[in-house]
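A.B. asks: Questions regarding the structure given below will be posed in turn.
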Amino acid sequence: MTRRDNRLSEDDRILWNLVARSARPLKGKKAVEIPELGVEPKPAPAPTPANGVPAVTAKPKTQHVSHALDDQTLDKLAKGRLPIEGRVDLHGMTQDEAYSLLFAFLHRAHAGGIRYVLIITGKGSSSGGDGVLRRAVPAWLSTPAFRPLVSSHDHAARNHGGSGALYVRLRRTRP
């Protein structure tokens, strides 16, 4: 019997940190301090307007952006004829948490040769406004950090979450 290496990978450490922060201590017990972990670099945050919600900036036209999925692929994904091989749910996360988890998830999926994944952002607040993640995630997918991983993305079909979810086609892995 060989001894297993008990160290977590960087992706697992990020995921564990997100889970551990959401845990509540038992009644009568003190919370354990969780150290900050280094995460992947993010684009600089946009200036926050007076309403406190960061604006998602428009991309310059000269920048290479990922294309929308073609109609035939969208139809196959919606009807289940093309398998969705992975999914990640970003509900209830802050932008920092969601960004870290999304980057780690897409990196692992791409390394594993997965082609199509579903990202669930949620539809946003019940007060009628668009959700922050619903607006931010498509913008993130077009940034230089995600460009080597993401080929294209588009809104999911109603049965997969509609406007609160995205289909993502990952780039093929190079041999």
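A.B. asks: With r defined as the distance between the Cβ atoms of Ala157 and Arg108 and R0 fixed at 25 Å, what FRET efficiency is calculated, to the nearest 0.05? Intermediate values should be presented prior to the final figure.
C.D. replies: Details: r = 25 Å, r/R0 = 0.98.
Efficiency computed from Cβ-Cβ geometry: 0.50.
A.B. asks: Report D for the range 72-169 in µm² per second (integer): Stokes-Einstein, Kirkwood Rh on Cα pairs, 25 °C, 0.890 mPa s. Please list the in-between numbers first.
C.D. replies: Numbers: Rh = 13.6 Å.
Diffusion coefficient, whole number: 181 µm²/s.
A.B. asks: Among 72-85, 150-163, what's the highest-first ranking by average C-beta atoms within 10 angstrom per residue? Please report the intermediate quantities before stating the final value.
C.D. replies: On the way: 72-85: 13.8, 150-163: 16.7.
Packing proxy ranking, top to bottom: 150-163, 72-85.
A.B. asks: To the nearest 20 debye, what is the magnitude of the charge dipole of the range 64-123 about its Cα centre, counting +1 on the Cβ of each Lys and Arg and -1 on the Cβ of each Asp and Glu?
C.D. replies: 220 debye
A.B. asks: What is the magnitude of the charge dipole of the range 72-169 about its Cα centre, with +1 placed on the Cβ of each Lys and Arg, -1 on the Cβ of each Asp and Glu, and no other charges, expressed in debye to the nearest 20?
C.D. replies: Values: 12 positive and 7 negative charges, 73 e Å.
Roughly 360 debye for the range 72-169.
Since every read-out is calculated from the coordinates, none of them should be taken as a lab result. This is a predicted model, so every value here is computed, not measured. Positions of Cβ are backbone-derived with ideal geometry, glycine not excepted, and every protein chain shown enters the neighbour counts.
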